[in-house]
Amino acid sequence: MDQSEIIEILDRHIFDKDKAALVEAIAENPYRFVGLFRSTPPRLKLLQNLLQSREIRFGDAMEEIITKQLAELGYINLDKRLLTPDGAKLSCDQRFCLSDQSQFFLVEQKIRDDHDSSKKEGQIRNLYKKLVHLKSLHGKTLVGIMYFIDPTLRKNEGYYRSQLVVR
């Protein structure tokens, strides 16, 4: 994967249509941005919305980049959308296997580890749902990983280490 392809993916995910999406959000629900009980001035709320949206889309771009890099390294990317026997729809950040299909991988990738306690608990529940379902398909050949791209913030590292044990 060369630099121009990475830049194209980042530009497409982060900057394409971001201003149009913001204008649509304002038109559909203007009171999200202004109102009697809104302590943030409208200009700052607009900026906050735009920046938060870009951070989310940066995560989407990184998923695509890593998926392409895994393919270039010889892994086989598998469908990231799962449907459990009880009808639950799950989505994986990365799901792939070795070329001989002797080992399967589920990777839940996050940008940073700076979320609050309810978010971290939800992340673990979500990961376990996927692992339980995929283990029923792949058995002991499944490897589950939670990966944080930005290594500088490790707010919940102890919690994740205590929850992510070999089973």
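The values are calculated or read from the model by the stated rules, or taken from the named source; none is laboratory data. Worth saying up front: this structure is predicted, and the values here are computed from it rather than measured. As a convention, Cβ positions derive from the backbone with ideal geometry for all residues, glycine included, and neighbour counts pool all protein chains shown.
In this structure, does Leu50 turn out to be touching a residue at least 24 places away in the same chain (Cβ under 8 Å), over 30 Å from Lys130 (Cβ atoms), assigned to a helix (DSSP H, G or I) and hydrophobic (A, V, I, L, M, F, W, C)? Yes: the conditions hold for Leu50. Of all the residues in the range 104-121, those that are polar (S, T, N, Q) and either closer than 22 Å to Pro85 by Cβ or loosely packed, with under 14 Cβ neighbours inside 10 Å (or both) number 2. Of the residues making up the range 112-130, those that are assigned to a helix (DSSP H, G or I) and closer than 22 Å to Met62 by Cα are Lys119, Lys120, Gly122, Gln123, Ile124, Asn126, Leu127, Lys130. Looking across the range 122-159, the residues that are free of Cβ contacts under 8 Å to residues at least 60 places away in the same chain and more than 23 Å from Thr84 (Cα to Cα) come down to Tyr147, Phe148, Asp150, Pro151, Thr152, Leu153, Arg154, Lys155, Asn156, Glu157, Gly158, Tyr159.
Can you find a residue in the range 133-150 that is in a loop (DSSP other than H, G, I, E, B), loosely packed, with under 15 Cβ neighbours inside 10 Å and not assigned by TED's automatic domain parsing to the domain that holds Glu64? Scanning the range 133-150 turns up at least one residue that is in a loop (DSSP other than H, G, I, E, B), loosely packed, with under 15 Cβ neighbours inside 10 Å and not assigned by TED's automatic domain parsing to the domain that holds Glu64.
Residues checked against (1) surrounded by 13 or more Cβ atoms within 10 Å (Cβ to Cβ); (2) among the polar types (S, T, N, Q); (3) under 18 Å from the mean Cα position of the chain (by Cα):
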| position | (1), (2), (3) |
| --- | --- |
| Leu10 | yes, no, yes |
| His13 | yes, no, yes |
| Lys19 | no, no, no |
| Val23 | no, no, no |
| Pro30 | no, no, no |
| Ser53 | yes, yes, yes |
| Ile66 | yes, no, yes |
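Out of (1) acidic (Asp, Glu); (2) over 30 Å from Lys19 (Cβ atoms); (3) without any contact (Cβ under 8 Å) to a residue 12 or more places away in the chain, what's the single condition that is false for Asp116? Evaluating Asp116 over (1) acidic (Asp, Glu); (2) over 30 Å from Lys19 (Cβ atoms); (3) without any contact (Cβ under 8 Å) to a residue 12 or more places away in the chain leaves (2) as the failure.
Of the residues Asp18, Asp60, the single one that is under 25 Å from Arg112 (Cα atoms), in contact with a Lys or Arg (Cβ under 7 Å, 6 or more places away or on another chain) and not hydroxyl-bearing (Ser, Thr, Tyr) is Asp18. Go through Ser99, Ser39, Ser91 for me and flag whichever is under 13 Å from the mean Cα position of the chain (by Cα) and among the small types (Gly, Ala, Ser). Exactly one residue qualifies, and that residue is Ser91. Looking for something closer than 22 Å to Phe148 by Cβ and outside the structural domain of Gln101 (by TED's automatic domain parsing) - is there at least one such residue anywhere in the range 12-34? For the range 12-34, residues closer than 22 Å to Phe148 by Cβ and outside the structural domain of Gln101 (by TED's automatic domain parsing): present. One residue is enough: does the range 77-88 have a residue meeting the conditions among the polar types (S, T, N, Q) and in contact (Cβ under 8 Å) with a residue 60 or more places away in the chain? No, because not a single residue in the range 77-88 is among the polar types (S, T, N, Q) and in contact (Cβ under 8 Å) with a residue 60 or more places away in the chain.
Within the bounds of the range 54-72, is there any residue that is over 25 Å from Asp18 (Cβ atoms) and either in contact with an Asp or Glu (Cβ under 8 Å, 6 or more places away or on another chain) or at pLDDT below 85 (or both)? No, there is no match, as no residue in the range 54-72 is over 25 Å from Asp18 (Cβ atoms) and either in contact with an Asp or Glu (Cβ under 8 Å, 6 or more places away or on another chain) or at pLDDT below 85 (or both).
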